[in-house]
């Protein structure tokens with residue numbers, strides 16, 4: 001649930017003072033302790049949440065003009081996209097495919113597991129958890145074929161993660177890269 005909370009917080013920060021209603025696809029994730037929580041879905045999902053941001057609906061649509069995003073938020077987003085361009089490539093068909101694979105691999109991971117994946121890739125080790133190992137293997141193949149390679153790709157992903165968290169990365173990737181565009 002913490003990943004989903006981070007995603008919603010990142011989305012609200014991204015929206016700034018704008019008014020918006022956004023529907024996000026979510027999927028259930030079972031934790032090691034047997035409890036269930038929700039995370040962002042990388043592909044269409046039968047489950048969704050609606051995030052309303054801005055003035056209360058009762059004020060009506062035209063009472064307050066929409067304002068642009070705060071400059072710092074725009075700069076953070078632009079900087080993250082510039083860094084992620086080095087991992088996936090600029091938006092296009094091939095980079096869209098890489099980004100889609102990344103989202104599918106990272107979709108069910110928690111922030112801590114994502115960092116374990118990056119650590120394993122940087123050190124050349126393997127993960128003991130099957131889901132984390134699957135993500136490590138897939139991300140290794142993806143980064144090997146990407147513009148920056150495994151070592152630099154891990155460094156970039158860790159840097160973007162430090163600011164946005166995994167849920168924020170998934171939102172940023174979903175906004176910029178679409179397979180087939």
- Note on the structure: Cα pairs beyond 26 Å in region 67-177, in percent, come to 13 percent
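In whole percent, what relative contact order does region 71-176 give with Cα contacts below 8 Å and a gap of six or more residues?
39 percent
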- Message: In Å and on Cα atoms, what radius of gyration and Dmax does region 131-180 show?
- Response: 11.4, 29
- Item | Values of log10 I(q)/I(0), in the order q = 0.20, 0.22, 0.23 Å⁻¹, for region 90-145 under a Debye, Cα-only, solvent-free model | -0.68, -0.79, -0.85
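Just so you know, all these numbers are worked out from the coordinates, no wet-lab data involved. All figures in this text were calculated on a predicted structure; none of them were measured in a lab.
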